[in-house]
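Q: Structure in structure tokens, see below.
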Amino acid sequence: MDASPNTPKPAPRTAQVLREALEYDIATGVFAPGTRLDEVSLAKRFNVSRTPIREALIALSASGLVEIRPRRGAFVQEIGVSRLIEMFEVMAELEAMCARLACRRMTAADHRDLLAAHEACTQAADAGEPDAYFYANETFHDTIYRGSGNSFLAEQARALQNRLKPYRRLQLRVRNRVGNSLSEHQTIVDAILAGDDRKAESALRSHILIQGERFNDFVASLVRADAAQARRVMA
């Protein structure tokens, strides 16, 4: 028997599409660190069976964004402050290496891509859209990863960047951070275009590291995020 024309049909979803949707929700704070990701609720939300949801959660677990706990389910990965700072330190060194190599290996076409990515960041910042800036910023950094000419290094940088997505997004919500980030991008771009590998390496390292007042602001943003999550749980 044919389904009624008025019967809603399930939207064609794949585990990859679901993974990207959940990754976006984690990165944007819809699901804060520590949140339990209920398969039944997610299956209902996306109008799919639990199988592709489970596959998406397993993929997110492999990338480090989700922790699957036996007999308890899947949770958005929580990272302690000290561990988080360590991860940012490693991220800073990976990106600094990418910048140093990019200075020597980027082609004219790569330079055009870098300038285009920087312009997209500028437009997002001028429009006052932190979410748009977040994604433009991601493209900016990925352009430098690719420009390093070292695919293994680029893979490692992307993997760690992916794990830090929710926290890097929080950084951009600190007051004046987007404007400061854009200014730092300009220094990085100028150094790469000039082929000054030492300056590019140092500028990108400083861009990523959380220290001084930036550290205090970042910790404060984590506290606010935890408080907001607690209010959602109690509501």
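The values are calculated or read from the model by the stated rules, or taken from the named source; none is laboratory data. Computed from a predicted model, the values in this text were never measured in an experiment. Here the Cβ is made from the backbone with ideal geometry for all residues, glycine too, and neighbour counts use every protein chain on show. Please note that ligands, DNA and RNA were not included when accessible areas were found on the heavy atoms of the full protein model with its side chains. Shrake-Rupley method; radii C 1.70, N 1.55, O 1.52, S 1.80 Å.
Q: For the stretch 7-90, give me every one of the helices (runs of 4 or more DSSP H) that falls completely inside it and has 2 or more residues that are of a type in the set (Val, Ile, Thr) and more than 13 Å from Leu164 (Cα to Cα).
A: Numbers: elements: 15-27, 39-46, 50-63.
Qualifying helices (runs of 4 or more DSSP H): 50-63.
Q: Right, here's the next one. Quick one: which of Met97, Met106 is open to solvent by less than 60 Å² (accessible area, probe 1.4 Å), in contact with a helix residue (DSSP H, G or I) (Cβ under 9 Å, 6 or more places away or on another chain), of a type in the set (A, V, I, L, M, F, W, C) and closer than 23 Å to Asp190 by Cα? Can you show your working first?
A: On the way: Met97 fails: open to solvent by less than 60 Å² (accessible area, probe 1.4 Å).
Matching residue, one of Met97, Met106: Met106.
Q: Here's a check for you: in the stretch 63-78, which residue that is under 16 Å from Ala32 (Cβ atoms) and of a type outside the set (Gly, Ala, Ser) is most open to solvent (accessible area, probe 1.4 Å)?
A: So the residue we want is Glu78.
Q: Out of (1) among the β-branched types (Val, Ile, Thr); (2) open to solvent by 20 Å² or more (accessible area, probe 1.4 Å); (3) in contact with a Gly (Cβ under 8 Å, 6 or more places away or on another chain), the odd one out for Val40 is which?
A: Val40 satisfies all of (1) among the β-branched types (Val, Ile, Thr); (2) open to solvent by 20 Å² or more (accessible area, probe 1.4 Å); (3) in contact with a Gly (Cβ under 8 Å, 6 or more places away or on another chain) except (3).
Q: Sticking with this structure for a sec: Looking only at the stretch 6-29, count how many residues are modelled with pLDDT of 80 or more, open to solvent by 40 Å² or more (accessible area, probe 1.4 Å) and under 12 Å from Leu65 (Cα atoms).
A: Taking the stretch 6-29 first, the residues modelled with pLDDT of 80 or more are 15-23, 25-26.
Filter once more, keeping what is open to solvent by 40 Å² or more (accessible area, probe 1.4 Å): 16-17, 19-20.
Filter again for under 12 Å from Leu65 (Cα atoms), leaving 19-20.
Looking only at that region, the number is 2.
Q: If a residue counts only when it is of a type in the set (A, V, I, L, M) and modelled with pLDDT of 75 or more, which helices (runs of 4 or more DSSP H) contained entirely in the stretch 123-235 have at least 3 such residues?
A: Numbers: elements: 130-147, 151-163, 165-172, 177-194, 197-208, 212-234.
Once the helices (runs of 4 or more DSSP H) in the stretch 123-235 are filtered for at least 3 residues that are of a type in the set (A, V, I, L, M) and modelled with pLDDT of 75 or more, what remains is 130-147, 151-163, 177-194, 197-208.
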